[in-house]
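S.K.: Once you've had a glance at the structure underneath, I'll fire off some questions.
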Amino acid sequence: MSQLSAFSPEDIELIISLPYRVGVSLSHTEDEEGEADDEQEMEALEACIRQIAKLHEASPFISEIAAQILRSKDKWGKWSQATFNIAPECERAARILKPVVTATELKAYKKMLLEIASAVAQAYGEFGETHEKKGFFGRVMEKVVGSFANDDKNHPMNVSAAEDSVITAIRAALARVE
């Protein structure tokens, strides 16, 4: 089992902040007027991270990252400022992880980033369409967390072209690190 302590402080900051920053990046991709979309997307982001912490118990490394993100709520504001062009950061994190963690842990980290991107993209419907929170978040978490694959079969359908572009860029960046 890999531990975060195997990395430099700068690398730990990247590895822990990146999942949150990916979610914020998707949230900022298409900003509707008002705050409703932002609130739903941030709630979806936090719910997704909580779900990942629970569901990835088979990967203590991923659970540790998710728990660290949740414990670092005081840093979320700072992390939210560094979300432009997030795909290169995803590739950089994967390259940092690759020589240290197992192939399974690397795959789980990549999957986590895509799960978060998908969950946030689906949190607020197209053209301002809103969803009942409890039911919607439950459905998103069931569909997304733990079941997102790196193929088109499980690609989220209710995301905008801009959000899809960001998810595609993240997926491509992660695919460059095998």
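The values are calculated or read from the model by the stated rules, or taken from the named source; none is laboratory data. This is a predicted model, so every value here is computed, not measured. A quick note on method: Cβ atoms are made from the backbone with ideal geometry, for glycine too, and the neighbour counts reach across all protein chains shown.
S.K.: Looking at Gly146, Gly138, Gly125, can you tell me which residue is modelled with pLDDT under 90, within 13 Å of the chain's Cα centre (by Cα) and surrounded by fewer than 21 Cβ atoms within 10 Å (Cβ to Cβ)?
M.R.: Details: Gly138 fails: within 13 Å of the chain's Cα centre (by Cα); Gly125 fails: within 13 Å of the chain's Cα centre (by Cα).
Exactly one of Gly146, Gly138, Gly125 is modelled with pLDDT under 90, within 13 Å of the chain's Cα centre (by Cα) and surrounded by fewer than 21 Cβ atoms within 10 Å (Cβ to Cβ), namely Gly146.
S.K.: Checking the conditions here, which among Lys110, Lys98 is among the charged types (D, E, K, R) and either farther than 27 Å from Ala162 by Cβ or at pLDDT below 85 (or both)?
M.R.: Working: Lys110 fails: either farther than 27 Å from Ala162 by Cβ or at pLDDT below 85 (or both).
Criteria check complete, one pass: Lys98.
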